[in-house]
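Asks: Pasting a structure here, questions to come.
The values are calculated or read from the model by the stated rules, or taken from the named source; none is laboratory data. Treat the numbers as computed from the prediction; the structure is a model and nothing was measured. We place every Cβ from the backbone using ideal geometry, glycine too, and count neighbours over all the protein chains shown.
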Amino acid sequence: MKIIPLREIFSNSSEIHAFVIGFFEVLCPWSARRPIISEELAKAIKEEYHYYLFGRGMAVIAWILIAYLVKLIFS
C-alpha cells in the first residue's frame, strides 16, 4: 500500500468535486433536483470514488453533530 503525502490530498478539482457531491448527497435531506447525467460528473465520481465515499461519511458525521447541537439547544 502506497502512502500518499498530505499535500497530494484534494490536490485537483475532480477530487474536491467527488467529495462535495458525496457530502451534499447525504447532508441535503431532499432528493436531487436533477440526476447526475453529465459524463464529466460520472467520470469524476468513478475515478475519485474514495473521495466520494469520504464525503458521504463526513456528511453522516455532520448530521450527528447537528443532531447533538439541536439536543443541546432545545433540552
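Asks: Give the number of residues within segment 54-65 that are farther than 15 Å from residue 28 by Cβ and either surrounded by 14 or more Cβ atoms within 10 Å (Cβ to Cβ) or acidic (Asp, Glu) (or both).
Replies: Qualifying residue count, segment 54-65: 1.
Asks: What residue, of 51, 68, is surrounded by 15 or more Cβ atoms within 10 Å (Cβ to Cβ) and not basic (Lys, Arg)? Talk me through it step by step, then tell me what you get.
Replies: Details: 68 fails: surrounded by 15 or more Cβ atoms within 10 Å (Cβ to Cβ).
After ruling out the rest, the residue left standing is 51.
Asks: Kindly establish whether residue 31 is at pLDDT below 80 and either in contact with a helix residue (DSSP H, G or I) (Cβ under 8 Å, 6 or more places away or on another chain) or loosely packed, with under 15 Cβ neighbours inside 10 Å (or both).
Replies: Details: at pLDDT below 80: yes; either in contact with a helix residue (DSSP H, G or I) (Cβ under 8 Å, 6 or more places away or on another chain) or loosely packed, with under 15 Cβ neighbours inside 10 Å (or both): yes.
In short, yes.
Asks: Give 38, 75, 13 a once-over and let me know the one that is at pLDDT below 85 and under 15 Å from the mean Cα position of the chain (by Cα).
Replies: Checking each option against the conditions leaves just 13.
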